[in-house]
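A.B. asks: Please find one structure pasted underneath; my questions will follow.
The values are calculated or read from the model by the stated rules, or taken from the named source; none is laboratory data. Since we're looking at a predicted model, the values are computed, not measured. Here Cβ is always computed from backbone atoms with ideal geometry, including for glycine, and neighbour counts include all displayed protein chains. For accessibility, only protein heavy atoms count, side chains too; no ligands or nucleic acids. Shrake-Rupley method; radii C 1.70, N 1.55, O 1.52, S 1.80 Å.
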Amino acid sequence: MKIFNVFPETIFSIGPVHITDTVITTWFVMVAIITICYLATRKLSVKPSFFQEILEAIFEAMEKTIKDILPLDPWLVVPMLGTLWILIGFSNLAGLIPGLKTPTADLNTTLAFALISFSMTHVIGIATQGLKGYLVHYKEPTWLLLPFHLIAEVTRTAALAVRLFGNMLSGDMIAIILLGIVGLLVPIPFSLLHIIIGIIQAYIFGILTLVFIAGGIKTKS
Amino acid sequence: MKFNIWTLLFQIINFVILLYILRRILYKPIREIIEKRRGLIAKTVEDAEKTKKEALELKEKNQEELNKAKELQSQMLEQTREEALKDRNKLLGEAEKDAAKIIEKEKALIDAEKMRIESELKNKTLEMVSVFASNLLKDISDEELHNAILRKFLKETGKFVSDISKIKEKEETVNIDLVTAYPLPMVDVKTFQETLASHLAKKVKMNTTIDKTLIAGVRIKAYDMIYDSSLAGQVNALASQLKETK
């Protein structure tokens, strides 16, 4: 049953560096994303084509979402957040292609994304209100809550990572188990469900990151 | 499932690389195009507002010019009306003057006519009076009256002779026409002739004619001088004297 292993495996190693299939799949996903984006933005003009209109609608929706939550220039966080959404979204859906493993079903990947989200929160918080101004929010409303703030920093990051990882791994495992038990066609509804879950989880990941960033900023106002 | 630090690092690196690439090929162009369009829309709106403003200004200006034109028109109308009024007054004045002239002329004509009629009336009256007087005298005159007049005339012969003697003529003979209403006795004629001849120291030739129209009395004509003592002559003299008085 080696084919249906949902856990990552080391494909090859360069010295101490172990390259797992997760990383290779992620590269594949990245190439796909870059290709699509390249093709999509090749012929932009002031008078948009149908495809360009969809693209712009997506970006305007993103802008609006960020604006609703964050009292900052949306384009400050659009590239980071957009990349998170795109990368997680595409990664979540990569598992649907036979022979590929979902990169986000690897805790290492989701932890990496969660760490990026964590550092984004602090970087933007400090960049917009200074180190002192940012650190002030840890003693709100009293100094007594400082330990809980610190614990929350760790737990919410871990939660981000585990939430995404758990959802994706379960989807993959269900598909494989069902495939092993009942055959070819039965997992299809579950795969459709998996698509929805993948998109929703990517969205939730981004929105939570946004909320954390906003939480670090709003205390000032 | 185990923790793999390399996978973690690779995924972070992957994210950063993807972020860098997408920044260049996705976010930047999209943002640029969106902002360009927004700018274009803003500019278009601004242009439209500017155009609208310009149109409004133009409209206002046109309105102003129209008002000016209207004012000018009314001014011109006023001027024209004043000129027309002036012309009319002038024409009226001229017409009045002409009318006055015509009236004067007519008046003069009428006056002349009046005078003519008056004088005619006077002449007629005088004529009538003289005729009436002549007829009256004719009725009442007879030879006795004639003789009385003649005697009075003969008494005044001296005056007559002095008048004639003032006329210096070289002729030897003086022709005297004697017109009488009644036949004169030859003695009287002879005496008169001799008296004249002696006074004038010239020969006197008498032509005696009888004319009943004299009514009574005599009339003497020497050269172009007439000495009339007849009643008809008196009446005529009176009539002509009356005619001259106004």
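A.B. asks: Starting at the first residue of the stretch B:93-98, write each ³J(HN,Hα) from the Karplus equation 6.51 cos²θ - 1.76 cosθ + 1.60 with θ = phi - 60°, in whole Hz, x for Gly and Pro.
C.D. replies: In residue order, the calculated couplings are x, 4, 4, 5, 4, 4 Hz.
A.B. asks: Shielding by partners for B:27-39, please: the mean number of other protein chain Cβ atoms within 10 Å of each residue's Cβ.
C.D. replies: Partner-chain Cβ atoms within 10 Å, mean over residues of B:27-39: 5.
A.B. asks: Which of A:68, A:172, A:106 ends up with the largest GNM mean-square fluctuation for chain A, with Cα atoms connected below 10 Å?
C.D. replies: A:68
A.B. asks: Normalise the Cα radius of gyration of the stretch A:10-215 by 2.2 N^0.38 Å (N = residues in it) and let me know the number.
C.D. replies: So the stretch A:10-215 has a normalised radius of gyration of 1.18.
A.B. asks: Still on this structure: By how many degrees, between 0 and 90 and to the nearest 10, does the Cα long axis of helix B:143-155 differ from the longest principal axis of chain B?
C.D. replies: The angle comes out at about 90 degrees.
A.B. asks: Rounded to the nearest 0.05, what FRET efficiency is calculated for residue A:54 and residue B:40 with R0 set to 22 Å and r the Cβ-Cβ distance?
C.D. replies: 0.60
A.B. asks: If amide H atoms are built 1.01 Å from N in the plane of the peptide, which residues on other chains or at least 5 residues away come under 5 Å of the amide H of residue B:203?
C.D. replies: Excluding prolines and chain starts, which carry no amide H, the hits are B:174.
A.B. asks: Quick one: net charge of residue A:46's neighbours, Cβ under 10 Å, K/R +1, D/E -1?
C.D. replies: Net charge in that neighbourhood comes out at +3.
A.B. asks: Can you tell me how much longer the chain between residue B:57 and residue B:187 gets when fully stretched, taken as 0.36 nm per residue apart minus their C-alpha distance, in nm with one decimal?
C.D. replies: 33.2 nm
A.B. asks: Once amide H atoms are built 1.01 Å from N in the peptide plane, which residues 5 or more positions from residue B:216, or in another chain, come under 5 Å H to H?
C.D. replies: Result for residue B:216 returns B:231, B:232.
A.B. asks: Something else: Which aspartates and glutamates, on any chain, are close to residue B:68 with Cα under 18 Å apart, when same-chain ones fewer than 8 places away are left out?
C.D. replies: Hits, sequence-local ones excluded: B:57, B:60, B:78.
A.B. asks: Right, here's the next one. May I ask you to evaluate 6.51 cos²θ - 1.76 cosθ + 1.60, the Karplus curve with θ = phi - 60°, for each residue of the stretch B:220-229 and list the ³J(HN,Hα) values in order in whole Hz, giving x for glycine and proline?
C.D. replies: 10, 10, 10, 6, 10, 9, 10, 10, 10, 10
A.B. asks: Checking the table B:155/B:205; A:43/B:52; B:101/B:122; B:155/B:243; A:47/B:52 against a 23 Å threshold on Cα-Cα, which pairs fail?
C.D. replies: From B:155/B:205; A:43/B:52; B:101/B:122; B:155/B:243; A:47/B:52, over 23 Å: A:43/B:52; B:101/B:122; B:155/B:243; A:47/B:52.
A.B. asks: Among B:38, B:151, B:219, which one moves the most in a GNM of chain B with springs linking Cα atoms closer than 10 Å?
C.D. replies: B:38
A.B. asks: Another question about this same structure. Give me a comma-separated list of calculated 3J(HN,Hα) values for the stretch A:25-35, in order, Karplus coefficients 6.51, -1.76, 1.60 applied at θ = phi - 60°, integers in Hz, x for any Gly or Pro.
C.D. replies: Result, ordered by residue: 4, 4, 4, 4, 4, 4, 4, 4, 4, 4, 4 Hz.
A.B. asks: Compute the angle between helix A:107-136 and the longest alpha-carbon principal axis of chain A, please, reported from 0 to 90 degrees and rounded to the nearest 10.
C.D. replies: Value to nearest ten degrees: 10.
A.B. asks: Something else: Keeping the other protein chains in place, figure out the carbon and sulfur percent of the accessible area of the stretch A:10-215, with a 1.4 Å probe.
C.D. replies: Exposed carbon and sulfur together represent 77 percent of the surface.
A.B. asks: Using amide H atoms built 1.01 Å from N in the peptide plane, name the residues 5+ places from residue A:20, or on other chains, whose amide H lies under 5 Å from its own.
C.D. replies: A:11
A.B. asks: Pull up the cross-link candidates among the lysines for residue B:50, meaning alpha carbon to alpha carbon under 19 Å and not fewer than 8 places away within one chain.
C.D. replies: List returned: B:59, B:61.
A.B. asks: As a test question: what accessible area, to the nearest 10 Å², does residue B:211 have when a 1.4 Å probe is rolled over all protein chains in place?
C.D. replies: For residue B:211, solvent-accessible area is about 50 Å².
A.B. asks: Give the angle, between 0 and 90 degrees and rounded to the nearest 10, that separates the Cα long axis of helix B:186-200 from the longest principal axis of the Cα atoms of chain B.
C.D. replies: In chain B, helix B:186-200 runs at an angle near 70 degrees to the longest axis.
A.B. asks: Rounded if a/c is under 1.5, else prolate if a/b is larger than b/c, else oblate: which is the stretch B:106-201, with a ≥ b ≥ c the root eigenvalues of its Cα gyration tensor?
C.D. replies: Oblate shape, in that a/c is at least 1.5 and b/c is the bigger or equal ratio.
A.B. asks: To continue, here is another question. When Cβ neighbours within 10 Å are restricted to other protein chains, what is their mean count per residue of peptide A:34-47?
C.D. replies: Per residue, the number of nearby Cβ atoms from other chains is 4 on average.
A.B. asks: Classify the stretch B:141-244 as rounded, prolate or oblate, taking a ≥ b ≥ c as the square roots of the eigenvalues of its Cα gyration tensor: rounded when a/c is under 1.5, otherwise prolate if a/b is larger than b/c and oblate if not.
C.D. replies: Cα axes put the stretch B:141-244 in the oblate bin.
A.B. asks: Go ahead and estimate [θ] at 222 nm for chain A from helices alone: -39,500 (n - 2.57) per DSSP H run with n ≥ 4, summed, over the residue count, rounded to 500.
C.D. replies: Taken over chain A, the calculation gives -25000 deg cm²/dmol.
A.B. asks: While we're here: Name the residue, out of B:48, B:201, B:232, whose mean-square fluctuation peaks in a Gaussian network model built on chain B with Cα pairs under 10 Å.
C.D. replies: Fluctuation is largest for B:48.
A.B. asks: Related question: Can you tell me what share of the DSSP beta bridges in the protein assembly as shown is antiparallel? A percent to the nearest 5 is fine.
C.D. replies: The antiparallel fraction comes to roughly 60 percent.
A.B. asks: How far apart, in nanometres, would the label points at residue A:179 and residue B:64 be if each is projected 7 angstrom from Cα along the Cα-to-Cβ direction?
C.D. replies: The two pseudo-label positions are separated by 8.3 nm.
A.B. asks: Counting only other residues whose beta carbon sits under 12 Å from that of residue B:176, what net charge do I get with K and R as +1, D and E as -1?
C.D. replies: Result for the neighbourhood of residue B:176: +4.
A.B. asks: Separate question: Lys/Arg Cβ at +1, Asp/Glu Cβ at -1, dipole of the protein assembly as shown taken about the Cα centre: which of A:150, B:239, B:6 is farthest positive-ward?
C.D. replies: B:6
A.B. asks: Still on this structure, I have one more. When ligands, DNA and RNA are left out and all protein chains stay put, how many square angstrom of accessible area per residue does the protein assembly as shown have with a 1.4 Å probe?
C.D. replies: About 64 Å² of surface per residue is accessible.
A.B. asks: How big, on average over all directions, is the shadow cast by the Cα convex hull of the protein assembly as shown, in nm²?
C.D. replies: If you wrap the Cα atoms of the protein assembly as shown in a convex hull and average its projections, you get 68.4 nm².
A.B. asks: Can you tell me how much longer the chain between residue A:36 and residue A:17 gets when fully stretched, taken as 0.36 nm per residue apart minus their C-alpha distance, in nm with one decimal?
C.D. replies: Working it through step by step, the gained length comes to 3.8 nm.
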